[in-house]
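Worksheet for the structure shown next.
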Amino acid sequence: MKIQKMIVIMVLFLTIGGVWFARTNDVGQGKDRGSGSSKQINSVNRKTEVALATQTNTEGGVTVSATPTILTKNDQIWEFKVTLDTHQGSLDADLTASAILRDQKGSLFRPLSFKGDPPGGHHREGVLQFTAISASTETVTLVLNNIGNIKERGFTWTVR
């Protein structure tokens, strides 16, 4: 009788654990069991990923990656995470002087600040901040000039 109780308890425990694991796994993948709207949640996530995708340029021995972290028409400040990597020389550029934000009309805007690693070394990372452009702006291009002797590197995104 004791063995049967132990077997029943073990089966019950394994069943509850399996249900918990399956439910946790579904929620972690963006599925909403209650509303059946997993396709809608995944669709929204994909649109965000496309609009704010990291873009990378590798030229002149320097790899530059840029990702908008805040870029919507409702924001007052727009931010771009910038990463620079090289194995040749030192990354000495002043990013506030090298960066420009260009809208679809060709207007140019200087950054407010760069918060991140100081000039020097083989790896730098930080955030460029700009005052948001008008609500009618549809696309912006982050331009980085004279990084690794490349006159201009451009990264373009759609403003959400």
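The values are calculated or read from the model by the stated rules, or taken from the named source; none is laboratory data. Keep in mind that this is a model prediction, so the values were computed, not measured. Every residue, glycine as well, gets a Cβ built from its backbone with ideal geometry; the counts of neighbours run over all protein chains shown.
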Next item on the list: Would you mind finding the one in 91, 101, 142 that is touching a residue at least 12 places away in the same chain (Cβ under 8 Å), in contact with a strand residue (DSSP E or B) (Cβ under 7 Å, 6 or more places away or on another chain) and in a loop (DSSP other than H, G, I, E, B)?
Entry: 91
Margin query: Which residue is modelled with the lowest pLDDT, if the candidates are limited to segment 67-88 and must be hydrophobic (A, V, I, L, M, F, W, C) and part of a strand (DSSP E or B)?
Written below: 70
Check: Would segment 61-79 turn up any residue that is under 11 Å from the mean Cα position of the chain (by Cα), hydroxyl-bearing (Ser, Thr, Tyr) and surrounded by 15 or more Cβ atoms within 10 Å (Cβ to Cβ)?
Finding: yes
